[in-house]
1. Let me confirm something: among 77, 141, which residue is in contact (Cβ under 8 Å) with a residue 12 or more places away in the chain and closer than 23 Å to residue 608 by Cβ?
2. Which of the residues spanning segment 312-332 are basic (Lys, Arg) and in contact (Cβ under 8 Å) with a residue 60 or more places away in the chain?
3. I need the full set of residues from segment 78-95 which are in a loop (DSSP other than H, G, I, E, B) and among the hydrophobic types (A, V, I, L, M, F, W, C), in order please.
4. Any idea how many residues of segment 404-422 are outside any loop (DSSP other than H, G, I, E, B) and crowded, with 24+ Cβ neighbours inside 10 Å?
5. Could you list all residues from segment 397-414 that are farther than 17 Å from residue 505 by Cβ and either touching a Lys or Arg at 6+ places or on another chain (Cβ under 8 Å) or free of Cβ contacts under 8 Å to residues at least 40 places away in the same chain (or both)?
6. Under 6 Å between Cβ atoms, which residue pairs at least 6 apart in sequence (or on different chains) link something in segment 450-470 that is over 16 Å from residue 487 (Cα atoms) with a partner that is of a type in the set (S, T, N, Q) and outside any helix (DSSP H, G or I)?
7. Only one of 580, 599 is within 17 Å of residue 518 (Cβ to Cβ) and of a type in the set (Asp, Glu). Can you tell me which?
8. Looking only at helices (runs of 4 or more DSSP H) that fall completely inside segment 499-612, which ones have 3 or more residues that are within 27 Å of residue 198 (Cα to Cα)?
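The values are calculated or read from the model by the stated rules, or taken from the named source; none is laboratory data. Because the structure is a prediction, the values reported are computed rather than measured. Cβ: placed from backbone, ideal geometry, glycine included. Neighbour counts: every protein chain shown.
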Amino acid sequence: MNKLIVFTILMASFFSACKQTEKTREVKKYSIKQFMENTDIRGGAFSPDEKHILFTSNQSGVYNAYSIDIETKNIKQLTNSTKSAMYAISYFPNDIRILLAADNEGDEVYHIFMRDTLGKMTDLTPDSGARASFYTWAHDQNSFFYGSNKRNKRFMDLYEMDIDNFKAELVYQNDSAYSIGAISNDKRYIAFRKTYIRQNSDMFLYNRETKELKLLSEHSGNINFIPVEFSNDGKFLYYMTDKDSEFTYLMKYNLETGENAEVYKDNWDLSYAYHSYNERYFVLGINQDAQTKIKIFDKKHNNKEIEFPDFKGANVIEVTISHSEKNMSFYLSQSNATPDLYVYNFKNGTYKKLTNSMNPEIKPNDLVKGEVVRYKSFDGLEIPAILYKPHSASKENKVPAIVWVHGGPGGQSRIGYSALIQYLVNHDYAVIAVNNRGSSGYGKTFSELDDMRHGEDDLQDCIFAKKYLATTGWADTTKVGILGGSYGGYMVVAALAFQPNAFDVGVDIFGVINWLRTLKNIPPWWEAFRKALYKEMGNPETDSAYLYKISPLFHADKITKPLMVLQGANDPRVLKVESDEMVAAVKKNGVPIEYVVFDDEGHGFRKTENEIEGYEKILNFLDKYLAKKEEFRKTK
């Protein structure tokens, strides 16, 4: 044979092998316990002297409050709850007492607590059965505002609590189910939002001196108006709206002249906007294709944008600027590593990493970064999704796949760290997190495409994710499951009931099973959003036939594929009885079903030991009925 031909063949084989090696590689398999030894941290409130930062962490196995010394990086645990999660709110303005929020093992009836300088805990809102929500500190720092439904369980009235004597004063009796948007620094004005449906709301201005309530957003059609904050001088009200646009943008209203002016507009939804304490810095959060992009402008230097260092693909999130405006705390977010807390100095532009939340046993390179992809659904609509491809996947080594459905309705799967997703991908399952029609973040038209169409068009978007997976060449589309929580859990059971041949298994995490019961038992403090939910899902009084049609419980006899259900006993949104009934109904079919109940959890699992147990059982279930596709015989 010609030497040149032999050389060419050998080189082609060499490059082919190299190419294959680049695409696939074996990585270490980590246990769920190792994943759970990563620490979840959130929040970043500066102490008055700006030497410490307050945050929340599950390092103890239950969420508690911690502080970190910025100079030494020493971490101190401030609360020691072993049952209910305790979430840090902030330090007091002039001392190191702290405010916290906690419910009773997931029942979502939150109270506001104070930890004094000696470590003593005091419930500042002890009203039995009443829910309290912290809103904001008064600008003079002598009090804070919060909402409570102690007067009427349906309505969150506005209160102000003096921090000298801890006496609360009723500021506004909220009989119209308004949401509190902003309070002026002089406490004269309150901006309210009235939500009618998810795509339509109004904005009101209340004058506490004259008792006048003024509508600021007279309009026709579906437009949202969301009050954000007042300017320090009280002359302007900043608000977000999607008037004449698919996406929300920032405006300001002149309280003296009534004029409106555009402040900032992008090609994506503006998630939030605020000024630092003395208004030097202006912070914007933009929901850019399932990732938060933060922009900070220095108003002292002609609104020059602050340029952050290149963090190699990680996103800056959860920005908090200190009162002195000298420092800023933030987190870095990416798919294959847990977020860590940083501090940034505005004067010299330097930053410092304060925490190491990742278990050192886990190498980030063994994990997978999410990739935003898009595919066409049954009607040609483009569906965005986030794809996680295992390192081991190739055309020669096809892997089973999971269609992941977010909560809601109206939620969004976003690029960021998820222990469960990374655990599954690390164990050779591809995951595609679908942002089906109805998801937020892709324009208001897209967000309402699933209204009164649930379990139909949105479910087809999930099914068509299988078709996309088939085009990759490395996904085994004969082994595809569906997994989701809350609304995503509903989609799981709806898929198995309404499209019984679409998926091979389902994992339902506290999903809605009976919409008639769920909508009749909405927590009373959701009154402000009741009509919006009815518009999207249906009114149980007038749309009972439709809700019966889309509720999987009444069609459980159609389920033929293995199902796993996880439920918190204290869940106030999806009552445990729903999961009980669904499990009993599926058992009658002779279909394999596993049921995991946590007696000390609510709507979302907050205890590390429960996550370890639940997630490990999910993997074992998938290994048994999806990866190995164990055959079973129906006993019915």
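1. 77
2. 326
3. Result: 78, 85, 92.
4. Total meeting the criteria: 3.
5. 410
6. Once the first residue is over 16 Å from residue 487 (Cα atoms) and sits in segment 450-470, its partners that are of a type in the set (S, T, N, Q) and outside any helix (DSSP H, G or I) give 464/377; 466/477; 469/477; 470/477.
7. 580
8. Of the helices (runs of 4 or more DSSP H) lying wholly inside segment 499-612, those with at least 3 residues that are within 27 Å of residue 198 (Cα to Cα) span 515-520, 530-537, 544-550.
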